[in-house]
Amino acid sequence: MCGIVAAVAARNVVPVLIEGLLRLEYRGYDSAGLALLNPTLTRLRSVGRVAELATQAADQVAHLGIAHTRWATHGVPSERNAHPHVSASLAVVHNGIIENYAELRDALMAEGYVFTSDTDTEVIAHLIQQIRQTTPDLFAAVQLATARLTGAYAIAVLRQGEDRIIVARHGAPLLLGVGKDGHYAASDAAALLQVTRQIIYLEDGDCAELTRDTLKIVGAGGTVVARAVTQSSLSADAVELGDYQHYMQKEIFEQPQALAATLEMISGAQTFTPNLFGVAAPELLAGVQSVLILACGTSYHSGLVARYWIEQLAGVPCTVEIASEYRYRVSVPNPDQLVVAISQSGETADTLASVRHAKAQGMQRTLAICNVPESAIVRECALRFLTRAGPEIGVASTKAFTTQLAALFLLAATLAKQVGRLTPAVEAQHLNALRHLPVAVQKVLAGEADIKAWAAHFANKHHALFLGRGQHYPIALEGALKLKEISYIHAEGYPAGELKHGPLALVDKDMPVISIAPNDALLEKLKSNLKEVAARGGELYVFADADSAVEEEPGVHVLRLPEHYGLLSPVLHVVPLQLLSYHVALVKGTDVDKPRNLAKSVTVE
């Protein structure tokens, strides 16, 4: 969840490192640091944001350096725990978690190595230095050191007196950039757009040597390997804030375009075809008896919505599991089950490990729904669907979620077509609804002013309850997650029918209750639940369809969406919840894009 940038080039790389860290700050922002060779080893570190480090580094000049922005896993945010960590004349930056660091630390301390931080990363620096006593070559020493590490890592290493950087990865993302004047490495291609669009994605076990003019990659087997150079499809504009105040705001308003890009392949289609999910999909999806969805956080909520769609449309049983729980429990494998892994980054550690766990049990029908083409989860799965949401920088996921929902509806409809449960007329209706979805979301966004007015009511609140029924219950969960993530208001999502089984005890005038009220088969039952809240003095905020018969009255605020959207209604109803959370956070003055204690890409357990 940390960010790494490394550069060796003919130019001064300090501005490249700082700009790269700014692009990666969504991955962690409790401290930052860099190590430069100019020609001696210079290390600069700061607590907090990259801007503070940039001030310190303003007068530095170097042609070789490594840099890091941190999300704390071992040790509190402090300068002593900030990367890079050093041992003698070498420095290391690291993303991931070294699970056997305590054992290695004890052994190194017994040999006289002094630790000055609480991190697991410092073990790597001292371990490489120890190995260099018998294996002086830095590249060989890094290879031997990584062979002794248990856990996930992406590292970059430099040493005074050597005009090269050594990088390695296992279980954490790291890619290389090939520039006209040098070579680069980073956790994310966005960090390197400033210098190159020529990207090499390293594979697990790879170790690489970067000099100004040369690049050598050694694979897990110990032999030199060639990795493909790809042209990054990212544009500079995609990672610029532009006229928006925050990335979250920008990404909320990018949802119509993101949905249109995700659904482009059906723009002229007359049918749902398995080939949407890869050339092997017709074979792998045939005979699927059930679906298992693995995901974390917001992606888990998209999976919960998909369960309703898959079972209703296709009549195929669907189970949704939190990846961090699934991988550690005894489950019953089914080789005819489709395993769907959902992840924005494609590097989510628990989801990746869960896919590998399922495959180890003989479940080879795997599908990745992901926003990053060359990510680990995409490479791990037999089938893939890329959501094409573009870079999502804000920690609170928005456009990644709605594009995941679009992809999952395509999957549900495709499975329904495969098993003969989709008539031509219904198929045409679903295709038309998907094509109209970007326009429908744009209409919802037009109601931002009314939602902004509601936000002021939440300024002094400490708790909130979100209610939904049926396929909108997961949307209530997502709305609660968004509010707690960026405004720090404690919020819970509940199925409205469960209100009497506990949560009603909490309802009073100080706890706002937000409800999703689409005009569907459960509307009348939901209205009864809302009456229960009103009777206890609760303040209700209802997001209703235009034709939902829910009326304004004292203590009941109603905002109507422009149109009812049937099975795809969850995609529309989550958008005002995103806007509500955003504007509540503005009212409270919290850091919208970088909420405390959180980071974007969860690449550690």
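Loop-located GluC sites (Glu not before Pro) in the range 34-119 (DSSP state other than H, G, I, E, B) with a sparse environment of at most 16 neighbouring Cβ atoms within 10 Å: Glu79, Glu99, Glu111. For the range 388-428, place one equal point scatterer on every Cα, skip the solvent, and apply the Debye formula. What is log10 of I(q)/I(0) at q = 0.23, 0.30 Å⁻¹? These q points yield log10 I(q)/I(0) values of -0.73, -0.97.
Can you give the FRET efficiency for Ser89 and Val330, using 1/(1 + (r/R0)^6), R0 = 45 Å, r = Cβ-Cβ distance, to the nearest 0.05? My answer for the efficiency is 0.35. Of the residues Thr211, Thr387, the one with the fewest other Cβ atoms within 10 Å heads the list, and the complete ranking is Thr211, Thr387. Restricting the chymotrypsin sites (Phe, Trp or Tyr not before Pro) of the range 189-278 to loop positions (DSSP other than H, G, I, E, B) with no more than 12 neighbouring Cβ atoms within 10 Å leaves nothing.
Between helix 523-535 and the chain, what is the angle of the helix's C-alpha long axis to the longest principal axis, kept within 0 to 90° and rounded to the nearest 10? So the helix axis and the longest Cα principal axis differ by about 80 degrees.
Using C-alpha positions alone, give me the convex hull volume of the range 1-117 per residue in cubic angstrom.
Working: hull volume 11.0 nm³, N = 117.
Taking the convex hull of the Cα positions in the range 1-117, it is 94 Å³ per residue.
Counting 0.36 nm for each residue step from Ala107 to Thr319 and taking away their Cα separation leaves a gain of 71.8 nm.
Placing pseudo-labels 7 Å out from each Cα toward the beta carbon at Gln231 and Asn597 gives an inter-label distance of 4.6 nm.
May I ask what percent, to the nearest 5, of DSSP beta bridges between residues of the chain are antiparallel? Mind dumping the intermediate values first?
Numbers: 60 of 100 bridges.
For the chain, the DSSP antiparallel bridge percentage is about 60.
Label sites at His436 and Ala505, each approximated as a point 7 angstrom past Cα along Cα to Cβ, lie 4.6 nm apart.
Check each of the GluC sites (Glu not before Pro) in the range 503-586 and keep only those in coil by DSSP with at most 14 other C-beta atoms within 10 angstrom; list them in order. Mind showing how you got there, number by number?
Values: sites: Glu524, Glu532, Glu539, Glu551, Glu552, Glu563; in loops: Glu551, Glu552, Glu563.
Those that pass, being in a loop and sparsely packed, are Glu551, Glu552.
Treat the count of other C-beta atoms within 10 Å as a stand-in for reagent exposure and order Phe458, Phe543 from fewest to most. Each step should come with its number before you reach the end.
Values: Phe458 22, Phe543 30.
Result, fewest neighbours first: Phe458, Phe543.
With respect to the chain, whose longest principal axis is taken over its alpha-carbon atoms, helix 349-360 is tilted by about 90°.
In order along the range 91-99, the phi-based Karplus estimate (6.51 cos²θ - 1.76 cosθ + 1.60, θ = phi - 60°) of 3J(HN,Hα) comes to 10, 9, 10, 8, 10, x, 9, 8, 6 Hz; Gly and Pro are listed as x. Pairs of lysines in the range 448-588 whose Cα atoms sit within less than 19 Å of one another amount to 16, provided the residues are eight or more positions apart or on different chains. The simple spin-label model puts a point 7 Å past each Cα toward its Cβ; for Ala534 and Asn275 those points are separated by 5.4 nm.
Just tell me which lysines come within less than 21 Å, Cα to Cα, of Lys216; anything on the same chain fewer than 8 places away is out. Partners found: Lys180.
Throughout, read-outs are computed from the coordinates displayed, never taken from laboratory work. Everything numeric here is computed off the predicted structure, so don't read it as measured data. Heads up, the Cβs are rebuilt from the backbone with ideal geometry, glycines too, and the neighbour counts pull from every protein chain shown.
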